[in-house]
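The values are calculated or read from the model by the stated rules, or taken from the named source; none is laboratory data. These numbers were taken from a predicted model, which means no experiment stands behind them. Counting neighbours? That spans all protein chains shown, and the Cβs are built from the backbone with ideal geometry, glycine included. Side chains included, ligands, DNA and RNA excluded: accessible areas come from the protein's heavy atoms. Shrake-Rupley method; radii C 1.70, N 1.55, O 1.52, S 1.80 Å.
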Amino acid sequence: MQTVRQLPDLRDAISGFRAAGERIAFVPTMGALHAGHMALVAEAKLAATRVVVSIFVNPKQFGPNEDLAQYPRKEQADSRMLAEAGVDLLWLPPVEVMYPKGHSTNVAVAGVSEPLDGAARPGHFDGVATVIAKLFNQVKPDIALFGEKDFQQLAVIRRMVADLDFDIEVRGVPTQRDDDGLALSSRNAYLAPEDRAAAVALPRALGVAAKAIEKGDDAEGALATARASLEAAGFDIDYVELVDAETLGAPAAGRPRRLLAAARIGGTRLIDNISVEGA
Ligand code: PAF
């Protein structure tokens, strides 16, 4: 696996792939890799002949009181995992390469970025859209893969790709979960053992609510039950909402629906989501 940290080196490597007629799959990450990321890499290997992974802890997507400083950084272990998985190129830009002095352009995706995490974390999705637009221009992939765990992020990126005419296929990959159902996340490492044990209430509450709504129960009642069970488990809730799976606005008859939640336990903010079939 080749590792590059400067744009000219990245461009040389990408030009080499292109000259050889390779198809490029791209997995953007913030590192602290786990089985969820490796599932994206595995899918990337099936979708293309070359796989590029980036690791960049993007300061623009963290709010002033968020965990940028504490965010886990594990460059050596990450690099080993990626090499063992057969990744071709690791893009590790320093902050000053991604955002050189004078950088002043931001990408804002209206609508889909505004509710839910957009309301709870002002500016977060502008930071995500800006860095992904830059990464797409740097790597120029044919296909990019994102986890469905960050469901709103995936919707924001799909909207941006459509609106800005990026010629890139965006593929969502199902959430990877621990044996008890908790969605894998780099932030799970923050959980104290008792909070980790209680955190399973999140996927359970979503699963129960989704089933109730699918069998025709009143959606508001099912959401209220989910909220109550999360609070009983010790969660402090940001939101538990049923939305249109594409626009993330109000669900409408005949359209795909998704149930999304964000909640804190022991100071750690967890998110999860699940499809709600039928409409
Ligand atoms: O999901 C993430 O790890 C990040 O939000 C992403 C997509 C790599 C952008 O920084």
Checklist entry - Which of the peptides 105-111, 115-121 is most tightly packed, and how do the rest follow, going by the mean number of other Cβ atoms within 10 Å of each residue? => result 115-121, 105-111
Checklist entry - For the stretch 178-223, what is the accessible area per residue in Å², given a 1.4 Å probe and the full set of protein chains? => result 49
Checklist entry - How much length, in nm to one decimal, is gained on full extension between residue 247 and residue 70, taken as 0.36 nm per residue of separation minus their Cα-Cα distance? => result 60.5 nm
Checklist entry - Relative to the Cα centre, what is the charge dipole magnitude of the chain, using +1 at the beta carbon of each Lys and Arg, -1 at the beta carbon of each Asp and Glu, and rounding to the nearest 20 debye? => result 600
Item to check | Cα long-axis angle, helix 124-139 against the chain (0 to 90 degrees, to the nearest 10) | outcome: 30
Checklist entry - Dipole size in debye (nearest 20) for the stretch 22-145 around its Cα centre, Lys and Arg Cβ +1, Asp and Glu Cβ -1? => result 220
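Return the FRET efficiency for the residue pair residue 18, residue 279: r is the Cβ-Cβ distance, R0 is 35 Å, and the value is rounded to the nearest 0.05. Mind dumping the intermediate values first?
Values: r = 43 Å, r/R0 = 1.22.
Working from the Cβ atoms, E equals 0.25.
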Checklist entry - Roughly how many Å² is the accessible area per residue of the stretch 1-158, as a whole number, for a 1.4 Å probe? => result 44
Checklist entry - Helix 35-47 sits at what angle to the longest principal axis of the chain, using alpha carbons and giving 0 to 90 degrees rounded to 10? => result 60
Checklist entry - Helix 219-232 versus the longest principal axis of the chain: what angle, 0 to 90°, nearest 10, using Cα atoms? => result 80
Checklist outcome for this item: Among 140/211; 45/101; 74/211; 60/140, the pairs whose Cα-Cα distance exceeds 31 Å are 140/211; 45/101; 74/211
Checklist entry - When the accessible area of the stretch 13-120 is computed with all protein chains present and a 1.4 Å probe, what percentage of it is carbon and sulfur? => result 53
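Across all directions of projection, what mean area in square nanometres is found for the Cα convex hull of the chain? Please list the in-between numbers first.
Numbers: hull surface 59.7 nm².
So the Cα hull casts an average projection of 14.9 nm².
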Item to check | Counting all C-alpha pairs of the stretch 147-206, share separated by more than 18 Å (%) | outcome: 47
Item to check | 5 angstrom amide H check on residue 257, placed H, neighbours 5+ away | outcome: 245, 276
